[in-house]
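Taken together, the values in this text are just the output of simple stated rules run on the coordinates, not laboratory data. What you are looking at is a predicted structure, and each value in this text was computed from that prediction instead of being measured. Heads up, the Cβs are rebuilt from the backbone with ideal geometry, glycines too, and the neighbour counts pull from every protein chain shown.
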Amino acid sequence: MKKFARSIAVIVLVALLGSFAFAESLGVDLTALSFEELLTLRQEIDQLLLASDAYSEFTLAQGTFTVGTDFPEGTYTMTSPVLAAVGIFNGDPHDDANLEVMFTVTKKENIEKIELKDGQIVTISGSNVTVATYTGLDY
């Protein structure tokens, strides 16, 4: 299974870097894949990268993200160089009844620790947000 996952990771990484010549040297024809298949491979690679111990920080652009689909559940810190709003929802983010918490993130005011669970919806507006694996104390 790990070998298959690594193979998929290599294929998607190659696709992300746009190096079809390298993929062809591996005997993989990425041009034969549909747009949906390429997106699926990219999502699988993103999940593998985010779940690896070596990958502990990533950036979320303005938008809506699903925990467990767009990035793994876990405990994180969130920072932003300028004003950003971060909403955490337990369902449709268009329904205020699903809002669990709303944060304002700035250069001086960060989210020091937040636990995100599979299925929660994270909305980002105002600016990109850097998300890092929480490494502080747990007590």
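When only alpha carbons of region 57-133 are considered, Rg and Dmax amount to 11.2, 30 Å.
For region 96-105, 3J(HN,Hα) computed residue by residue from phi via the Karplus equation (6.51, -1.76, 1.60; θ = phi - 60°) reads 4, 5, 8, 5, 8, 7, 10, 10, 10, 10 Hz, glycine and proline entered as x. Label zone (Ala132, point 7 Å along Cα-to-C-beta; backbone nitrogen cut-off 20 Å) within region 61-97: 61-62, 71-86.
Each Cα pair under 8 Å and six or more residues apart adds its separation to the average, and for region 57-133 the resulting relative contact order is 52 percent.
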